[in-house]
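Coordinate-derived values only; no laboratory data. Worth saying up front: this structure is predicted, and the values here are computed from it rather than measured. Reconstructed Cβ throughout: ideal geometry from the backbone, glycine too, with neighbour counts over all protein chains shown.
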Amino acid sequence: MLSQQPYLLRALYEWCVNAGYTPYLTLRVDAQTLVPPGYARDGEITLNVHPEAVQGLEITDDWLSCSARFGGVAQRVEAPVVNVLAIFARETGAGMSFAGPETKEDASTSEQNASPVTPVAQDVAADSAKGKPAKGKPSLHIVK
């Protein structure tokens, strides 16, 4: 079965940018994920993927790739689409979370696991609205 995840990622990314929001992606970091060492925490990394923050963002049916700055140095980021755990607007927390990598046995039910997300720490959205940088890694809360 064809996965909906890359289509939903592209649509939510486009919505964030068109609405004037800052799209963020949370990725699971594993052996297939290319991110600069030392930036992932607890096997995950959250990235600002706004067009002004990254270059050459490409979301294909299987891979996500771009060039992003870490400590002022441009670095390549690559990950399988199934490693995208969430995409959301920094300012509002609106977005979607995903179940993560799946086995073939899970494929039939995984599309039902996608769900909207909202930030648990409301101060992230409040600080962003005031023009302040976000404090730390945003927290996500799955809403059913």
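Numerical summary
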quantity: Top-ranked residue of the stretch 16-42 - restricted to ones that are under 20 Å from Met96 (Cβ atoms) and free of Cβ contacts under 8 Å to residues at least 40 places away in the same chain, ranked as nearest to the chain's Cα centre (by Cα); calculated: Val17
quantity: Qualifying residue in the stretch 75-87 (condition: among the basic types (Lys, Arg), on the phi < 0 side of the Ramachandran plot and in contact with a helix residue (DSSP H, G or I) (Cβ under 9 Å, 6 or more places away or on another chain)); calculated: no
quantity: Every residue from the stretch 1-14 that is within 15 Å of the chain's Cα centre (by Cα) and touching a residue at least 40 places away in the same chain (Cβ under 8 Å); calculated: Gln5, Pro6, Leu8, Leu9, Arg10, Leu12, Tyr13
